[in-house]
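Visitor: Dropping the structure in here first, questions after.
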Amino acid sequence: MTARSHLSAGFLALFFVLLVIAVVGGFGFKTWLPPVASEHGAVVDKVIRYTLLTTGLVFVVGHLILAFFIVKYSRDERGTAKRLSPGVEARWALSVAFGMSIIAEVGVLVIGMPAWAAVYGEPSPDDVVVEVVAQQFGWFIRYPGKDGKFGACRPELIRRGDNPLGLDKKDPASADDIIVEDELRLPVNKPARIVLRSLDVLHSFSVPEMRVKQDIIPGYTGRTRFVPNREGTYEIACAELCGLGHYKMRGLLQVMAPQDLQRWLSEQVPAITYIVD
Amino acid sequence: MMKIWSDAWVQIVSGVFVALLLLGCSGGEEGDSGKEPDQETTSKRKAWDSALGTATVSGTVSFHGKPVPSRPVNLSKDAQCAKQHPDGLRDNSLVLNSDNTIQEVFVWIEKGLEGWKFPVPKEPVILSQLGCMYSPHVLGVMAKQPIQIRNDDSAVHNVHCLAKRSSKFNISQQTGATDTKTFKRPEVMVNLICDIHPWMSAHLGVLSHPAFSVTNDKGAFRITNLPPGKYTIAAWQDRYGIQKKEITVGDGESLTVDFTYPSAP
Amino acid sequence: MSHSHEPTTFLSKYVFSFDHKVIGIQYLITALFMAVIGGLLALTIRYQLAWPSENVVSAESYLSLVTMHGTIMVFFVISMGLVSGFGNLLIPLHVGARDMAYPFLNMLSYWVMVPACLLMIGSFFVEGGAAAAGWTAYPPLSALKDAVPGSGMGQTLWLLAMALFIVSFTMGSLNYLTTILNERTRGMSMMKLPLLTWTFLISAIIGILAFPALTAAAVMLLFDRHAGTSFFLPAGMYFEGTGVLPNMGGTPLLFQHLFWFLGHPEVYVLVLPALGITFEIIAAFGRRSPFGYRTTVYSLLCVAFLSMIVWGHHMFTSGMDPRIGEYFSIVTVMITVPFSVIGLNLIGSLWQARIRAETPMLFALGVISAMGMGGLGGLYLGTATSDMYFHDSYFVVGHFHLTIGTVTFLALFGGIYHWFPKFIGRKTNELLGKTHFWLTIIPMFAMFLLMHLQGMGGIHRRYYDVTQYSYPNASAMALMPWISYLAFALFAGQLVFAFNVIWSIFRGEKSSENPWGATTLEWTAPSPAPHGNWPDKVPVVHRDPYDYGSDGVWAQNVENAEGQA
Amino acid sequence: MTAESLSRPVDPLSEAELKESSRKVGLLAFLSSVVMLFATFTAAFLVRRTGTDWKPLEMPEIMWISTWLLIGSSVTIEISRVTGRKMGLLVTLGLGLAFLFCQVKALSEMGGFSGALAENPHFSFIFVLLLVHALHLLGGIGGLFLTSLSSSRFGWVVTYWHFMGLVWIYVLVLLFLS
């Protein structure tokens, strides 16, 4: 028993050391995150890096101690099983717990809170407001037009061909609303407030590069807010299981210079034009 | 307690309990599927025979006035689809020919054929998904006639059938997939959509007789082999709905009926 | 009690048995059978994910697979194997009782579980397939037939099966609680209970208090589905073909709150007994009393309490009030406090130990490592800010597979190897056991860690075909087939386990009553333990559960020479 | 469950006493599970009540009758417990069945299973809570039936029955008077 048992213990300790190397290598020496493209996203990344560093340290130290103990105490002799008094054991436990809670709460409160507040904080009047409406399995993007107001939408008016959102023609605010499918265009470096609605089931508006993810609840109006700070084309994904086409619910986000967006908007035909009485 | 629940008791009670549970559950299963009485198979019907006389109804469907423009469709979500339509795509709920006649209008005999029984063809009607469109977009099929739904596209589709009188289905289809379905009962129209590509739709007129037609690229339809009689003929257009007309045709006659959308001038 | 008249017929001895050991083994066998099904589902999922262009399953069946894999593994394998299986086997032996407090209720709980399993499996074969709304069954997806094919009959059967499961699990929990609190033998004070029994007690308390939330939610969901009510369904939902639904004013968020009020504590129902098993094995094979028995007990109680007030961390991005989100984030990461104590105590228990690295011990040491990794990974998700990025990504999948998958399965295997001699009377084969360990731990750790990396790359979970998107890191995408190869290897490795168990039942080396030289009461009963557990008198407890001194080892029932308790 | 029984220094109880005290512990645990069930419904009710479509309903008169029936049944079961006579159990059983009858009548008066159940969320809650309470009460009735047949002690049925009476009053207050 003894020799084989020593061998097993040695293998396991070696396994833990290799695990440490693999994990440190895997998480530490490669950036897996897609390049960030929003202001609060940088803070999200900071939280992730902070957590990687601290948990990484705890992981490495913990596993090395584990490996060391396994090798050191893997002997079959009737040694002296020293035991600490319960008080000392409790003191050890409390100091470790205290350290860990500091590590964890710093991540939540000190580093994380500003980004959380930026996404959910009070809207400002300068925000660019765009509505994103999710449906199995696609996105409708609505711009309020020059009046800055969205026209009323009533689900009983929805018709797949010409009026996908049920836009009410009678509402004067509807007159200049622009509706496009699957392509969201936002100006760079301006706070964007996305008004989120769903026509049927739960969806989630997720743009990994923007570090944005917000579930959309049918019957309710949600919102998310971010400042894209890099021009380019990004993918919008649905992150909440919404049916058999969940994986196909792909949209695009184009972050462009404000004047380009203005030009594009002026070229668009108001949605009301297509509605058949 | 212990005395009452002696071994024999335990076995009986437990056995009954388990059996009841299983029964209850399987009973629930049957209950939900429901009984569907088939109203259409009535033995009183006369079998149709061309010797009894044939009539033909034909005509054109045209558009009156200036149509509301069709909504453009954004194909950016699926590269496979965008590739096949470099010039883009528009909503196809109203397809006008150059002479203002309307394509893809479903025309059928709505009333007057109740006394006849028609053979149901064995060969399937084919509905294909190609270029991220249903092809054909509007078609007729007889109840219980097989309809073969194929994905001849490079993109993945799902066929979501929204029938109200026959059973609904919702299946995803990979490239090359084929599913054969039948509709139990007549229904005009049964809509088929693809949830992945919201612009895709197919409209099926399901009837208990073969007296139907779909307008072609000249806006013309033609229903042949009709027994002589008095009928209600109806036309369905995706955007503007159904119009009806009363007609009477005699043996060997050929009648012309025209429809105008949005409404008769 | 029932030990006075032993059952004689086959039915009363092996089928409708009152004996906690028979019921425990029935549970374990059923759980292992369900594990095979759950594993095969997982393999199909992995095949589809790695080679999406081959389309082994359709998109709707894929969602059914994901849903049923989750449900079966969480409730019908881990809950059933670890809690119902080991709980039944060990609680009466640990507290020195002849049987559970309510043997009839115990038998009934198993025979309610069986139809639940059958319904779950049967739901694959109904029209539309099995439930496809995820194991969380969020409405409206789970409430409306139009939303997804599996939401027809499949979802109804799912709800019925879950209802039966809850009834059965509650019966079990009542039994555990009463047996542990009330049927302890003379001298067995609460602070002399083995740690595993403490974890069962806490699991039972959590089960009793948290499962009713799911019961209520399931009842309301059934009404929403079949009676047209609007508990969870909001106004204005539009479905093509059906039009606007008549529902008014409900909120899907309410369901999520109710679900996670159960769902989160359920995690601890699974993980705590796994840690309990680990403590037992480490004490027996480290030949040392666990570091900080009392701090462990208090931490377990603390975890149980915290688990009931942190459910919202599953819902950071759900659209609930962001201030509530911040609250949930703060209390969630407070769970690190009791868990770091438990972690420290696990590692500390090896300090100055005399380790014998036999099969059960290897698994137990694996649990420590997995718990460490899984727990630390939880910080990324408990912090609301980073959860905005990680939510519903493969990071979450990797995380919960490490915690409630790896930790529990390793403990399950470790427990089976450890107590096999007690209940079968024969030892398992050591070489096969160790082979099984290495074939399990390497692929398990590797695949779930790789999933974390994929999550870092932002790949979303529950996708039928992830190649639809191009934003993730190319290397993160390239990991997909490798994880699948590892999954296949893992499954294949379990054949060694199956062979070992079956072979050892008939040919294993005969075991004495206490083959590992352990101290808790079950090792004072004969192997295999007879009906009524101890042939003569029930043992009386004089010592702490783990009395491994420097000059000897004493079981709990050995009288103290100095006469002190 | 006293502090003494938690520390368990000596073999405390005879087998019969142990059974009886186990029954108490188990019952207490089960009742806490029931409390959590109704607490969950309460939470759902309070959230749902804030919805814009909430149309509060008047309490039907017959519910007063059912309430008095249940209070009366608690009195009869208590008499039975004090005197040790099984007759009281059967009277309680009858009152319990009458209560259930009143509940069914009340529900059918308010709209039954069709229509109203889907249209009015308040009625949905009334229906579900009455149903869940009635199912639990049925368990009590089954217990009454079994214990009135056997010779065993029936303290636990009494406790359970009183508890279900309390739950009913709580449900009534929650649904109509809060």
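Visitor: Check the stretch C:210-230 and report whether any residue there is in contact with a Gly (Cβ under 9 Å, 6 or more places away or on another chain), more than 8 Å from every other protein chain (Cβ to nearest Cβ), in a loop (DSSP other than H, G, I, E, B) and crowded, with 20+ Cβ neighbours inside 10 Å.
Guide: no
Visitor: If you don't mind, there's one more thing I want to ask. Filter the stretch A:203-229 down to residues that are at the interface with chain C (Cβ under 7 Å from one of its Cβ atoms), touching a residue at least 60 places away in the same chain (Cβ under 8 Å) and open to solvent by 10 Å² or more (accessible area, probe 1.4 Å), then give me how many there are.
Guide: 1
Every residue, every condition in (1) more than 8 Å from every other protein chain (Cβ to nearest Cβ); (2) surrounded by fewer than 24 Cβ atoms within 10 Å (Cβ to Cβ); (3) in a helix (DSSP H, G or I), yes or no:
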residue	(1), (2), (3)
C:A132	no, no, no
C:P139	yes, no, no
C:L157	no, no, yes
C:I166	yes, yes, yes
C:L174	no, no, yes
C:L177	no, no, yes
C:M191	yes, yes, yes
C:L196	yes, no, yes
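Visitor: Continuing with the same structure: Of the numbered conditions (1) assigned to a strand (DSSP E or B); (2) away from chain C (no Cβ under 11 Å), A:V133 satisfies every one except a single condition; which is it?
Guide: Here A:V133 meets the rest and fails (2).
Visitor: Follow-up question, since we're still on this one. Can you tell which of D:V157, D:V128, D:V104 is assigned to a helix (DSSP H, G or I) and closer than 26 Å to D:S22 by Cα?
Guide: Working: D:V128 fails: closer than 26 Å to D:S22 by Cα; D:V104 fails: closer than 26 Å to D:S22 by Cα.
Exactly one residue qualifies, and that residue is D:V157.
Visitor: So A:V130 passes all but one of these: (1) surrounded by fewer than 20 Cβ atoms within 10 Å (Cβ to Cβ); (2) touching a helix residue (DSSP H, G or I) at 6+ places or on another chain (Cβ under 8 Å); (3) within 24 Å of A:I236 (Cβ to Cβ); (4) of a type in the set (A, V, I, L, M). Which condition number does it fail?
Guide: So A:V130 meets the others, but not (2).
Visitor: Next up: Looking at D:E109, D:E119 in this structure, which one is loosely packed, with under 15 Cβ neighbours inside 10 Å and not hydroxyl-bearing (S, T, Y)?
Guide: Working: D:E119 fails: loosely packed, with under 15 Cβ neighbours inside 10 Å.
Just a single option satisfies the conditions, and that option is D:E109.
Visitor: Among the residues of the stretch C:231-254, write down those that are under 23 Å from B:F169 (Cβ atoms), facing another protein chain (nearest Cβ under 7 Å), free of Cβ contacts under 8 Å to residues at least 60 places away in the same chain and open to solvent by less than 30 Å² (accessible area, probe 1.4 Å).
Guide: Once the filter is applied, which keeps residues that are under 23 Å from B:F169 (Cβ atoms), facing another protein chain (nearest Cβ under 7 Å), free of Cβ contacts under 8 Å to residues at least 60 places away in the same chain and open to solvent by less than 30 Å² (accessible area, probe 1.4 Å), the stretch C:231-254 yields only C:Y238.
Visitor: What residue, of A:V119, A:V180, is open to solvent by less than 40 Å² (accessible area, probe 1.4 Å) and within 21 Å of the chain's Cα centre (by Cα)? Reasoning before the result, please.
Guide: Working: A:V180 fails: within 21 Å of the chain's Cα centre (by Cα).
Matching residue, one of A:V119, A:V180: A:V119.
Visitor: Only residues in the stretch B:117-129 that are closer than 17 Å to B:L192 by Cα count as the first member; pair them with residues that are at pLDDT below 90 and not in a strand (DSSP E or B), Cβ under 7 angstrom, at least 6 apart or cross-chain, and list the lot.
Guide: Cβ pairs passing all conditions: B:Q129/B:D153.
Visitor: Continuing with this model, one more query. Could you tell me how many of the residues in the stretch C:316-336 are β-branched (V, I, T), open to solvent by less than 40 Å² (accessible area, probe 1.4 Å) and part of a helix (DSSP H, G or I)?
Guide: Start the filter on the stretch C:316-336 by keeping residues that are β-branched (V, I, T), which leaves C:317, C:324, C:330-333, C:335-336.
Okay, now just the ones that are also open to solvent by less than 40 Å² (accessible area, probe 1.4 Å), so C:317, C:331-333, C:335-336.
Right, trim to part of a helix (DSSP H, G or I) and you get C:331-333, C:336.
Residues in the stretch C:316-336 being β-branched (V, I, T), open to solvent by less than 40 Å² (accessible area, probe 1.4 Å) and part of a helix (DSSP H, G or I): 4 in total.
Visitor: Could you check how many residues of the stretch C:453-465 are more than 7 Å from every other protein chain (Cβ to nearest Cβ) and open to solvent by 10 Å² or more (accessible area, probe 1.4 Å)?
Guide: Initial filter on the stretch C:453-465 (more than 7 Å from every other protein chain (Cβ to nearest Cβ)): C:454-455, C:459, C:461.
From the residues that got through so far, the ones that are open to solvent by 10 Å² or more (accessible area, probe 1.4 Å) too are C:461.
Count: 1.
Visitor: Could you check C:G96 against (1) open to solvent by less than 10 Å² (accessible area, probe 1.4 Å); (2) on the phi < 0 side of the Ramachandran plot and say which number it fails?
Guide: (2)
Visitor: Answer yes or no as to whether C:A474 is surrounded by fewer than 18 Cβ atoms within 10 Å (Cβ to Cβ) and either more than 27 Å from C:M361 (Cα to Cα) or free of Cβ contacts under 8 Å to residues at least 12 places away in the same chain (or both).
Guide: Values: surrounded by fewer than 18 Cβ atoms within 10 Å (Cβ to Cβ): yes; either more than 27 Å from C:M361 (Cα to Cα) or free of Cβ contacts under 8 Å to residues at least 12 places away in the same chain (or both): yes.
Considered against the rule, which asks whether it is surrounded by fewer than 18 Cβ atoms within 10 Å (Cβ to Cβ) and either more than 27 Å from C:M361 (Cα to Cα) or free of Cβ contacts under 8 Å to residues at least 12 places away in the same chain (or both), C:A474 comes out as yes.
Visitor: Related question: Give D:G155, D:G139, D:G143, D:G165 a once-over and let me know the one that is over 30 Å from D:D53 (Cα atoms) and either touching a Ser or Thr at 6+ places or on another chain (Cβ under 9 Å) or β-branched (V, I, T) (or both).
Guide: Details: D:G155 fails: either touching a Ser or Thr at 6+ places or on another chain (Cβ under 9 Å) or β-branched (V, I, T) (or both); D:G139 fails: either touching a Ser or Thr at 6+ places or on another chain (Cβ under 9 Å) or β-branched (V, I, T) (or both); D:G143 fails: either touching a Ser or Thr at 6+ places or on another chain (Cβ under 9 Å) or β-branched (V, I, T) (or both).
Result: D:G165 is the single residue among D:G155, D:G139, D:G143, D:G165 that is over 30 Å from D:D53 (Cα atoms) and either touching a Ser or Thr at 6+ places or on another chain (Cβ under 9 Å) or β-branched (V, I, T) (or both).
Visitor: With the structure loaded, tell me whether C:L495 is closer than 28 Å to C:P52 by Cα, surrounded by fewer than 24 Cβ atoms within 10 Å (Cβ to Cβ) and free of Cβ contacts under 8 Å to residues at least 12 places away in the same chain or whether it fails that test. Let's see the steps before the verdict.
Guide: Numbers: closer than 28 Å to C:P52 by Cα: yes; surrounded by fewer than 24 Cβ atoms within 10 Å (Cβ to Cβ): yes; free of Cβ contacts under 8 Å to residues at least 12 places away in the same chain: yes.
Yes; evaluated as a whole, the condition is true for this residue.
Visitor: Against the condition surrounded by 18 or more Cβ atoms within 10 Å (Cβ to Cβ), out of contact with any Pro (no Cβ under 6 Å at 6 or more places or on another chain) and of a type in the set (V, I, T), how does B:V120 come out, does it pass? Talk me through it step by step, then tell me what you get.
Guide: Working: surrounded by 18 or more Cβ atoms within 10 Å (Cβ to Cβ): no; out of contact with any Pro (no Cβ under 6 Å at 6 or more places or on another chain): yes; of a type in the set (V, I, T): yes.
Here the answer is no, as B:V120 does not meet what is asked.
Visitor: Considering every residue within the stretch D:47-61, establish whether at least one is modelled with pLDDT of 90 or more, assigned to a helix (DSSP H, G or I) and either over 17 Å from D:G140 (Cα atoms) or open to solvent by 30 Å² or more (accessible area, probe 1.4 Å) (or both).
Guide: Scanning the stretch D:47-61 turns up at least one residue that is modelled with pLDDT of 90 or more, assigned to a helix (DSSP H, G or I) and either over 17 Å from D:G140 (Cα atoms) or open to solvent by 30 Å² or more (accessible area, probe 1.4 Å) (or both).
Visitor: State yes or no: is A:L253 outside any helix (DSSP H, G or I), closer than 30 Å to A:N189 by Cβ and either under 25 Å from the mean Cα position of the chain (by Cα) or acidic (D, E) (or both)?
Guide: Judged against the criteria, A:L253 is a match.
Visitor: Is it fair to say C:F104 is closer than 30 Å to D:K19 by Cα, in a helix (DSSP H, G or I) and facing another protein chain (nearest Cβ under 10 Å)?
Guide: Values: closer than 30 Å to D:K19 by Cα: yes; in a helix (DSSP H, G or I): yes; facing another protein chain (nearest Cβ under 10 Å): yes.
The answer is yes for C:F104.
Visitor: Being open to solvent by less than 20 Å² (accessible area, probe 1.4 Å), over 13 Å from B:V214 (Cβ atoms) and aliphatic (A, V, I, L, M) is the filter here; which residues of the stretch B:128-151 pass it?
Guide: B:M142, B:A143, B:I147, B:I149
Visitor: Being in a helix (DSSP H, G or I), without any contact (Cβ under 8 Å) to a residue 60 or more places away in the chain and more than 8 Å from every other protein chain (Cβ to nearest Cβ): is that true of C:G375 here? Don't jump to the end; show me each part of the working.
Guide: Details: in a helix (DSSP H, G or I): yes; without any contact (Cβ under 8 Å) to a residue 60 or more places away in the chain: yes; more than 8 Å from every other protein chain (Cβ to nearest Cβ): yes.
Here the answer is yes, as C:G375 does meet what is asked.
Visitor: C:A50: among the hydrophobic types (A, V, I, L, M, F, W, C), within 28 Å of C:L479 (Cα to Cα) and touching a strand residue (DSSP E or B) at 6+ places or on another chain (Cβ under 6 Å), yes or no? Talk me through it step by step, then tell me what you get.
Guide: Values: among the hydrophobic types (A, V, I, L, M, F, W, C): yes; within 28 Å of C:L479 (Cα to Cα): yes; touching a strand residue (DSSP E or B) at 6+ places or on another chain (Cβ under 6 Å): no.
No, not satisfied.
Visitor: Consider D:M87 carefully, then state whether it is surrounded by fewer than 19 Cβ atoms within 10 Å (Cβ to Cβ) and either acidic (D, E) or modelled with pLDDT under 85 (or both).
Guide: It is true that D:M87 is surrounded by fewer than 19 Cβ atoms within 10 Å (Cβ to Cβ) and either acidic (D, E) or modelled with pLDDT under 85 (or both).
Visitor: Right, next: Tally up the residues in the stretch D:39-69 that are of a type in the set (F, W, Y) and either in contact with a Pro (Cβ under 8 Å, 6 or more places away or on another chain) or facing chain C (nearest Cβ under 7 Å) (or both), please. Outline the logic, then answer.
Guide: Residues of the stretch D:39-69 that are of a type in the set (F, W, Y), as a first pass: D:41, D:45, D:54, D:64, D:68.
Applying the additional criterion that residues be either in contact with a Pro (Cβ under 8 Å, 6 or more places away or on another chain) or facing chain C (nearest Cβ under 7 Å) (or both) yields D:41, D:54.
Total satisfying the criteria: 2.
Visitor: If a residue has to be touching a strand residue (DSSP E or B) at 6+ places or on another chain (Cβ under 7 Å) and at the interface with another protein chain (Cβ under 10 Å from one of its Cβ atoms) to count, how many in the stretch A:174-202 make the cut? Please lay out each step first, then the result.
Guide: Filtering the stretch A:174-202 down to residues touching a strand residue (DSSP E or B) at 6+ places or on another chain (Cβ under 7 Å) leaves A:174, A:177-188, A:190-200, A:202.
Cutting the leftovers down to at the interface with another protein chain (Cβ under 10 Å from one of its Cβ atoms) gives us A:179-183, A:196-200, A:202.
Within the stretch A:174-202, residues that are touching a strand residue (DSSP E or B) at 6+ places or on another chain (Cβ under 7 Å) and at the interface with another protein chain (Cβ under 10 Å from one of its Cβ atoms) number 11.
Here's the yes/no breakdown for (1) open to solvent by 40 Å² or more (accessible area, probe 1.4 Å); (2) without any contact (Cβ under 8 Å) to a residue 60 or more places away in the chain:
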position: B:T182; (1), (2): yes, yes
position: B:C194; (1), (2): no, no
position: B:A202; (1), (2): no, no
position: B:L207; (1), (2): no, no
position: B:S213; (1), (2): no, no
position: B:A220; (1), (2): no, no
position: B:T224; (1), (2): yes, no
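The values are calculated or read from the model by the stated rules, or taken from the named source; none is laboratory data. All of these numbers come straight from a predicted model, not from anything done at the bench. Ideal geometry is used to build each Cβ from the backbone, glycine not excepted, and the neighbour counts take in all protein chains shown. What goes into the accessible areas is simple: the full protein's heavy atoms, side chains included, and nothing from ligands, DNA or RNA. Shrake-Rupley method; radii C 1.70, N 1.55, O 1.52, S 1.80 Å.
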